[in-house]
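Worksheet for the structure shown next.
The values are calculated or read from the model by the stated rules, or taken from the named source; none is laboratory data. Predicted model, so just to flag it, every value in this text is computed and none were measured. Because the Cβ atoms are built from the backbone with ideal geometry, glycine has one as well, and the counts that use them run over all protein chains shown. Note: accessible area is taken over every heavy atom of the protein model, side chains too, but ligands, DNA and RNA are not part of it. Shrake-Rupley method; radii C 1.70, N 1.55, O 1.52, S 1.80 Å.
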Amino acid sequence: GVTRLLLTRIPFFKEIIVSSFSCPSCSWSNTEIQAAGRIQEQGVRYTLAVTSRQDMNREVVKTDCASARIPELDFEVPAFSQKGVLTTIEGIIDRAVAGLEQDQPARRATDTEVARKIDEFIGKLRQLKEVSTPFTFVLDDPSGNSFVENPRAPQRDEALLVTHYRRSPQQSALLGLQGEEVDAKPPDAAEDLRDEVLQFNTNCPECNAPASTNMKLVQIPHFKEVIIMATNCDSCGHRTNEVKSGGAIEAQGTRITLRITDPSDMTRDILKSETCSVEIPELEFELGMGALGGKFTTLEGLLKDIRDLVEKNPFSLGDSSTASRTGKLQEFIGKLQDVKGKAQAHFIMDDPAGNSYLQNVYAPEEDPELSVQRYERTFEQNEELGLNDMRTEGYEAEPASGR
């Protein structure tokens, strides 16, 4: 037979190579296309709402690594199952029908039930060509070299949605690009600290024995990066952890209010920075700035730390304690325990630096029980944070005058 090659350019797309083969002996013919350019930087996904017969005539460039789907029928032509083709949406459906009908005679002889189901599905595909009901056609190509015609080009087509995306490592490996992407990284690239736990030597804050502190950079979803540091002393067994903000002080302070209505609220993640104060109005309780340090824990864990802080108060223990003071503290601990179980209360975090966080379990939607307020810091709050005397511009020393 004879194979003919044609290099052509599709308007508003790119150049492609069309190859056509015909055999004079058996009259078999075949047409394929190949991208004349390189694999694109991003993959592409075309989503077309087919509502009329005109949409069935849209030209389609489908490479061999592209997959075609019709979600309404749960139908998909997988990648690398067909050669690249220059056709129409109707032509893709015809190719699918021809592929399903190819082995039907053998199926009818061996498995009539499967053959009957495939005949029913072929009937549904043929009904799509009449466009009696609208359907969706999705063409997904990780190489970025497939195309669905926009008859209104260069104007926007409301029925056609074009999405570009980054290829996954699995898709890059199927395209033979995995090795190229690895080699594309510079050999002297800085190590990614987000994936490593750093360790440095320090002394135990209790017994002053040599110890080690582990440090990890963690990304909190829907918030920011924080630094978690943990120290474990092998001599006295003392363990401590601390959280530092990985970013700058925010332009505004943050006041977070949570209405505790269910025991499941105790599992919410909390990031309490060193500059954050905690308040529970129902218990007339307030924890000032700096107490308990920075912590990344749950609401239950923070309430447990507050309870331990109250129980270890030196004024409630030993000879310095009085019956009235001890009774009030025990009453407060009982109310605090009720908050963890059944009592409803408000939990308020006020951080002038804006570096505290309380998990929104409905994220990215709004949480009906959680409110976050931004406010301008007062002069006194800026003074506590050291911002009034901080100069970020014009701080360079003036050159000495010549003598």
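Note on the stretch 1-106: Kirkwood radius taken over Cα pairs, Stokes-Einstein applied at 4 °C and 1.567 mPa s, translational D equal to 83 µm² s⁻¹.
By the Kirkwood approach, averaging reciprocal distances over each pair of separate Cα atoms, the chain gets a hydrodynamic radius of 28.6 Å. Peptides 138-149, 272-283 ranked from most to least packed give 138-149, 272-283, packing being the mean of other C-beta atoms within 10 angstrom over each peptide's residues.
Compute the long axis of helix 299-311 from its Cα atoms, compare it with the longest principal axis of the Cα atoms of the chain, and write down the angle in degrees, 0 to 90, nearest 10. Approximately 10 degrees, to the nearest ten. Rounded to the nearest 20 debye, the dipole size of the stretch 198-245 about its Cα centre is 160 debye, using +1 on the Cβ of Lys and Arg and -1 on the Cβ of Asp and Glu.
Provide S25, S20 ordered by accessible surface of protein heavy atoms (probe 1.4 Å), highest first.
Accessible-area ranking of S25, S20, largest first: S25, S20.
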